[in-house]
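No lab work stands behind these numbers, since they all come straight from the coordinates. Small disclaimer: the values here were computed from a predicted structure and weren't measured. Backbone-built Cβ (ideal geometry, glycine too); neighbour counts: all protein chains shown.
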Amino acid sequence: MKWQASAPSNIALIKYMGKIPNRENISTNSSVSYTLEHLRTFVEMEPLPLGSCDSWEPLEIAGRANVQISKMGQERFLKHLQFLKKTWGYEGYLKVRSNNNFPSDCGLASSASSFAALTHCTFLAIRDLKTAGEKNQKLDLTSEMLADLSRQGSGSSCRSFFSPWGLWDEKGAREIDLPFKKLHHQVVVVNDKIKRVSSSEAHKRISTSLLSEGRVARAEIRLANLKESMERLDWKGSFEIIWSEFWDMHALFETSRPSFGYMSQGSLKVLDVVKDVWQSKDDGPWVTMDAGPNVHLLYREDQISLAKQIEGELAQTFPIISHYV
């Protein structure tokens, strides 16, 4: 008996960066993201005999190398599995296999898709493993409920349950109705190596930056302004808000104590290409970066020729993962 599930990554345009102390991944500010349905984590699960223990191993995917998860990463993954088992009253053991169709641990939000997929797959497995006589109402869950449980393993994973736009605020995570529901996406893979400073560590360190004061207010103002700009179909105005938001986050990294950063010469080269396009055409893609060196570009449906032009230029130097709707 096996269960399978998958979940997409998501790219935040207003960032989740900063946690409320002594809470399980409760963000200090609201965030909004676009769901990247083509960048996915796949999870497979099967029961283990009594006397075993929960375990993880790579999932074989044709044409994809086995994902390498550090021992610490495996422990974090299995800790979330054990949290879900306890929540749903299941005392057996499970073998978990997982893999992505994109690089992990390099700033492409692989933890979002991984923990969302793990939560969904565990839900399916335990729902079936519980006998009819032990039916537990907690297993009749909405996407919002699953998202809240997934959030306790990885904060950003809660937005991966909703598409195309996910909002996470003090009320929890849910779908939000915004324009631009179908966007072309490119991620320029400047570096696919595992980050030296994890996103979890980044959340801790930014509190030491003098720029952290006022960060919550700035993010909330940008979110309100972005929603308003998008409702007006103001693509350029939205670009400017998104651009300032990811630079704000990276400035927090660089001004923390000790300082750290993810920007590289390659990142800046990609950003320069995008700036040149905007300056010459007064139009271009939305651009953002997560906690990593890689650059995400989002295009309107009518910008496909521009997307392919930019991809042709950047692909001479960097690998690009692209998805045209």
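Computed values, structure above
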| read-out | value |
| --- | --- |
| The range 15-121: GluC sites (Glu not before Pro) in DSSP loop, at most 14 other beta carbons within 10 Å | Glu24, Glu60, Glu91 |
| Cα-centred dipole magnitude for the chain, charges only on beta-carbon of K, R (+1) and D, E (-1), debye, nearest 20 | 760 |
| Cα centroid separation - the range 158-212 against the range 227-249, whole Å | 15 |
| Residues Ile69, Ile310, sorted so that the one with the fewest Cβ neighbours within 10 Å comes first | Ile69, Ile310 |
| DSSP bridge pairs, the chain: antiparallel proportion in percent, nearest 5 | 90 |
| Using alpha-carbon coordinates, inclination of helix 265-281 to the longest axis of the chain, degrees | 50 |
| Within the chain, longest stretch free of exposed trypsin sites (Lys or Arg not before Pro) [DSSP loop, at most 16 other beta carbons within 10 Å] | 24-129 |
| Equivalent-ellipsoid semi-axes of the chain, from the Cα gyration tensor, Å, largest first | 34, 21, 20 |
| Over the chain, relative contact order from alpha-carbon pairs under 8 Å, at least 6 apart, % | 21 |
| Order of Thr255, Thr142, Thr288, Thr41 - criterion: other Cβ atoms within 10 Å of each residue's Cβ, fewest first | Thr142, Thr255, Thr288, Thr41 |
| Shape parameters for the range 184-323, alpha-carbon atoms, Rg then Dmax in Å | 15.7, 44 |
| Protection-proxy order for peptides 242-251, 5-14, each taking the mean of Cβ atoms within 10 Å per residue, highest first | 5-14, 242-251 |
| Tail weight of P(r) past 26 Å, computed on alpha-carbon pairs of the range 3-175, percent | 26 |
| For Leu124, Leu84, order by how many other beta-carbon atoms lie within 10 Å, fewest first | Leu124, Leu84 |
| Karplus (6.51, -1.76, 1.60) ³J(HN,Hα), θ = phi - 60°, over the range 282-287, in Hz, Gly and Pro reported as x | 6, 6, x, x, 5, 9 |
